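Engineer: The structure's right below; bear with me while I get my questions together.
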Amino acid sequence: MNFLDKVVLVTGSSRGIGRSIAVKFAKEGANVIVNYKSDHKSAETVTEIISSYGHDCICIQADVSKESSVKSMVEQIIEKYGRIDVLVNNAGIAIDADFNERKIKDWHDTLDTNLVGVYLVSKYVGKYMKEQEYGKIVNITSTNGMDTMYTYSVDYDASKAALINLTKNLAIEFSPYVNVNAVAPGWVDTEMNADLSKEYLREEKAKILLQRFAEPEEVAEVVLFLASDKARYIDGETIRVDGGIKLL
Ligand code: NAD
């Protein structure tokens with residue numbers, strides 16, 4: 001896959017799946033914008049790694065759930081590059097809490113980041129993609145948005161289910177020049193799951209046909225496929241990357 005000189009924005013790319021996606025695009029020749037919310041040091045590290053491949057890379061602080069922050073980030077990118085070819089809406093949060101103990105603030109924070117954030121970044125970036133008559137948007141949803149099985153993450157699951165729907169509406173809004181698709185990973189080995197109990201993770205692993213969690217790179221590979229012209233006739237779709245789940 002060739003992304004030579006394409007301008008690629010990956011939200012929440014200072015660590016985890018986002019970092020892996022950003023690095024992979026850079027290896028394929030893209031100019032990558034690393035977005036982060038607060039961890040400047042990690043974002044700088046990713047930027048340095050990417051720059052070592054010989055392609056342009058900058059990091060921009062922006063909270064995807066805040067409209068002024070998103071607007072300013074997109075303006076900075078347009079000022080520097082004049083276009084954005086690929087947007088990966090990866091930033092996301094998960095707050096685990098007992099169903100009855102969950103705070104309403106958790107609901108708002110989760111929906112604002114995982115859903116409203118995707119709408120905001122897509123709105124500001126999509127405007128330029130429409131004008132340039134070219135663009136690829138890939139949203140990172142989750143199998144939690146399809147197979148609900150854990151009431152400790154009701155708001156997260158609802159946000160990811162809604163994101164599958166939003167993906168279709170974004171595809172309509174930005175047609176015919178912009179492809180908008182989503183990837184729904186199952187379990188991925190990242191810091192997002194670091195606080196979950198070992199026993200619960202063991203039980204979850206046993207339900208996976210491939211008997212292991214995904215590496216972030218395995219999600220990144222599908223993201224790059226959807227962002228490439230090889231996937232040019234796929235639009236409004238969500239692809240599972242979950243190692244196969246046993247239906248018990
Ligand atoms: P992670 O916690 O390691 O990374 C999430 C990144 O998003 C972090 O860098 C964080 O700072 C950033 N972020 C959070 N809120 C933000 C905001 N308001 N503005 C900008 N950046 C923000 O988690 P991850 O596992 O790498 O998750 C990446 C995406 O993949 C998320 O959308 C997550 O829901 C999804 N996902 C993860 C798994 C998994 O098992 N790890 C499974 C399915 C889907």
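Engineer: From the list Lys71, Lys66, pick out the single residue that is near the ligand (Cβ under 9 Å from one of its atoms), open to solvent by 30 Å² or more (accessible area, probe 1.4 Å) and more than 22 Å from Pro216 (Cβ to Cβ). Give the derivation first.
Structural biologist: Working: Lys71 fails: near the ligand (Cβ under 9 Å from one of its atoms).
Unique residue meeting the criteria: Lys66.
Engineer: Pairs, please: C-beta under 7 Å, at least 6 apart or cross-chain, first residue of a type in the set (Asp, Glu) and in segment 1-15, second more than 10 Å from the ligand (Cβ to nearest atom)?
Structural biologist: Correct list of pairs: Asp5/Gly29; Asp5/Asn31.
Engineer: Additional query: So, in segment 11-31, exactly how many residues are open to solvent by less than 10 Å² (accessible area, probe 1.4 Å), over 16 Å from Ile93 (Cβ atoms) and under 14 Å from the mean Cα position of the chain (by Cα)?
Structural biologist: Looking only at that region, the number is 3.
Engineer: With the structure loaded, tell me whether Val118 is open to solvent by less than 10 Å² (accessible area, probe 1.4 Å) and either without any contact (Cβ under 8 Å) to a residue 60 or more places away in the chain or more than 13 Å from the ligand (Cβ to nearest atom) (or both) or whether it fails that test. Before the answer, list the steps.
Structural biologist: Details: open to solvent by less than 10 Å² (accessible area, probe 1.4 Å): yes; either without any contact (Cβ under 8 Å) to a residue 60 or more places away in the chain or more than 13 Å from the ligand (Cβ to nearest atom) (or both): yes.
When the stated conditions are applied, Val118 passes them.
Engineer: Can you name the number of the only condition in (1) within 11 Å of the ligand (Cβ to nearest atom); (2) without any contact (Cβ under 8 Å) to a residue 40 or more places away in the chain; (3) not hydroxyl-bearing (Ser, Thr, Tyr) that Asp112 fails?
Structural biologist: With (1) within 11 Å of the ligand (Cβ to nearest atom); (2) without any contact (Cβ under 8 Å) to a residue 40 or more places away in the chain; (3) not hydroxyl-bearing (Ser, Thr, Tyr) applied to Asp112, the lone miss is (2).
Engineer: Let me ask something else. May I ask you to list the residues in segment 179-211 that are under 26 Å from Lys136 (Cα atoms) and more than 9 Å from the ligand (Cβ to nearest atom)?
Structural biologist: Scanning segment 179-211 gives Asn179, Val180, Asn181, Ala182.
Engineer: Next question. Identify the single condition in (1) within 15 Å of the ligand (Cβ to nearest atom); (2) closer than 26 Å to Ile104 by Cα; (3) open to solvent by 60 Å² or more (accessible area, probe 1.4 Å); (4) not hydrophobic (A, V, I, L, M, F, W, C) that Asn165 does not satisfy, given that it satisfies every other one.
Structural biologist: Among (1) within 15 Å of the ligand (Cβ to nearest atom); (2) closer than 26 Å to Ile104 by Cα; (3) open to solvent by 60 Å² or more (accessible area, probe 1.4 Å); (4) not hydrophobic (A, V, I, L, M, F, W, C), Asn165 violates only (1).
Engineer: Tally time: how many residues in segment 40-59 are crowded, with 19+ Cβ neighbours inside 10 Å, free of Cβ contacts under 8 Å to residues at least 40 places away in the same chain and within 12 Å of the ligand (Cβ to nearest atom)?
Structural biologist: 2
The values are calculated or read from the model by the stated rules, or taken from the named source; none is laboratory data. Quantities reported herein were computed from a predicted structural model and do not represent experimental measurements. Note: ideal-geometry Cβ built from the backbone for every residue, glycine included; neighbour counts use all protein chains shown. SASA here: full protein model, heavy atoms, side chains in, ligands and nucleic acids out. Shrake-Rupley method; radii C 1.70, N 1.55, O 1.52, S 1.80 Å.
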